[in-house]
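The values are calculated or read from the model by the stated rules, or taken from the named source; none is laboratory data. As the structure is a computational prediction, the values presented were derived from the model and not from experiment. So basically every Cβ, Gly included, is an ideal-geometry build from the backbone, and we count neighbours across all protein chains shown. Just so you know, the surface numbers come from the protein's heavy atoms only, side chains and all, with ligands and any DNA or RNA stripped out. Shrake-Rupley method; radii C 1.70, N 1.55, O 1.52, S 1.80 Å.
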Amino acid sequence: MQVTSSPASPQNVTGKGESAGWGNGRLLPTIESTRTPHSGYHFDGSSRRFFEGWYFRVSIPEVRQSFAFMYSIEDPAGRPASLLSLGDKHRFSAAGAQILGPDDEYICQYETDVSRFWASKRDLSLGNTFRATPAYQGREPLDGPTSTADFSARVADGFQITPTFHQGHIRHNNQPPNGLEEWRIVPEVSWDYQIRPIYGWGDTGAPQKATAGWLAALPVFEPHWQVNLAHGLASGWLQWGERRFVFQNAPAYAEKNWGGAFPLRWFWVQCNVFNETDDLAITAGGGRRGLPLLPDVSEEVAMLGVHHQGRHYEFIPWVEDGSVSWEIEPWGRWHMTGKRADYEIEILATTSEAGCVLRAPTVDKGLAPFCRDTFFGQLELTIWERKGKMRGKVIVHATSSMCALEVGGGPWWQTWKKTARYEEPVRSLMDLPLGNVLQAIPPNLQPPGL
């Protein structure tokens, strides 16, 4: 099946989700039942350095291609002259949209006007108007989601996102920094697709979890990280330059970060397209992050999370008998293991692709080239039952050639090898069941974004 060069003859793709029966007589979870903590926008109105970034991926296994939509807002308090005179504290105020697409092609629209960005404090809803249509020039921009027709009438360049649909159109408007002439730029991209959730971050039918634990509700460790949609189904279309993709029930994924800046260095693995099954998703990652309450102090931590057959297998270093080990090369090989009292996991991901350099929020340079990604990772994943200290029965074994891989920060030139485990009393503090207590607080009293 070939990608067409004419919008009049689109490529029609039926995703693996439909062939397996998701949404075809098989009960799909509801939006509310899969809503995770930290779905909302976390900006509290303060003048400190702040960013929030959202990542949405749609994969099309039939053509072995993916799209990653990355939206960001930095220093949303803006650039008033009173602050600029105090050292240009908000010199990085900007809203951006990046997309990494087929064959690691790339587009980015980035504007310093943050007044036309909006986001919900509770739901995974956000949007921005980079440029209004001629009929709406000079009029009030959108401050919430609207119909697809109304959006198209009002917005020439911009995007709107809700838990159930994504729509937008952007144009590349910046030059590659020196040394990054390797970027293969697509001049403009449009998209419109629906989302149906399958897994949030937790067992099906159970309260969903904060990916980084209950302390993510406080500015203790930054940046924070939340997987919002470990696996879902996307149906719609995307116009990528001269190529048009039309897809149905394509695997989808969503996560977000927020805080002062990205980690000092990090790695990440994500996959929900496997050769053996369509009912499997993994997200794993780790990094060295700063502690805002303790200047010049950092910690190294990692985790793995797998969803399969309604279960959430979580491997984190702050549970009893929990540990996560990793051995990550600067590029090309990601090896991780995780242990807890009842299960053990091992993943090995590799790539021979060069990948694409992407921008990420930084402390001193704003949204700057700071990480490298590819969609073409080879992944092998195995989960075992644990019998005492030994591996027992294999619960899951699967492989993929469409794993998303990333390294960032640094620079770092040598293999990063580490084992993370928490000792008392920190382990018990992290493992306190306070997530549901925080969720039970009346919305008007909850921290922003929870």
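Checking each residue in the stretch 330-362 for being in contact with a Phe, Trp or Tyr (Cβ under 9 Å, 6 or more places away or on another chain), among the aliphatic types (A, V, I, L, M) and open to solvent by 10 Å² or more (accessible area, probe 1.4 Å) picks out Leu348, Ala354, Val357. For the stretch 209-249, the set of residues classified as modelled with pLDDT of 95 or more, among the polar types (S, T, N, Q) and at negative phi consists of Gln226, Asn228, Ser235, Gln239, Gln248, listed by residue number. Scanning the stretch 236-257 for residues that are open to solvent by 10 Å² or more (accessible area, probe 1.4 Å), touching a Pro at 6+ places or on another chain (Cβ under 8 Å) and closer than 27 Å to His312 by Cα yields a single hit, Asn257. Restricting attention to the stretch 129-168, the residues that are open to solvent by 30 Å² or more (accessible area, probe 1.4 Å) and under 20 Å from the mean Cα position of the chain (by Cα) total 3.
Looking at this structure, is Val394 outside any loop (DSSP other than H, G, I, E, B), at pLDDT 90 or above and either open to solvent by less than 50 Å² (accessible area, probe 1.4 Å) or among the charged types (D, E, K, R) (or both)? Spelling it out, it is not the case that Val394 is outside any loop (DSSP other than H, G, I, E, B), at pLDDT 90 or above and either open to solvent by less than 50 Å² (accessible area, probe 1.4 Å) or among the charged types (D, E, K, R) (or both). Filtered by the rule that a residue be under 21 Å from the mean Cα position of the chain (by Cα) and either surrounded by fewer than 16 Cβ atoms within 10 Å (Cβ to Cβ) or farther than 22 Å from Val394 by Cβ (or both), the stretch 313-329 gives a lone residue, Ile328. For Ala368, the conditions (1) more than 24 Å from Asn272 (Cβ to Cβ); (2) open to solvent by 20 Å² or more (accessible area, probe 1.4 Å); (3) in contact with a strand residue (DSSP E or B) (Cβ under 9 Å, 6 or more places away or on another chain) are fulfilled apart from (2). Annotation: of all residues in the stretch 378-391 being open to solvent by 60 Å² or more (accessible area, probe 1.4 Å) and in contact (Cβ under 8 Å) with a residue 12 or more places away in the chain, the one that is farthest from Thr283 (Cα to Cα) is Arg391.
Inside the stretch 397-406, residues that are closer than 11 Å to Val269 by Cβ and open to solvent by less than 10 Å² (accessible area, probe 1.4 Å) make up a count of 4. Taking His90 as the residue in question, decide whether it is open to solvent by less than 30 Å² (accessible area, probe 1.4 Å) and either at positive phi or modelled with pLDDT under 95 (or both). Here the answer is yes, as His90 does meet what is asked.
So, in the stretch 114-128, of the ones that are of a type in the set (S, T, N, Q) and open to solvent by less than 20 Å² (accessible area, probe 1.4 Å), which residue ends up farthest from Phe43 (Cα to Cα)? Restricting to residues being of a type in the set (S, T, N, Q) and open to solvent by less than 20 Å² (accessible area, probe 1.4 Å), the top hit is Asn128.
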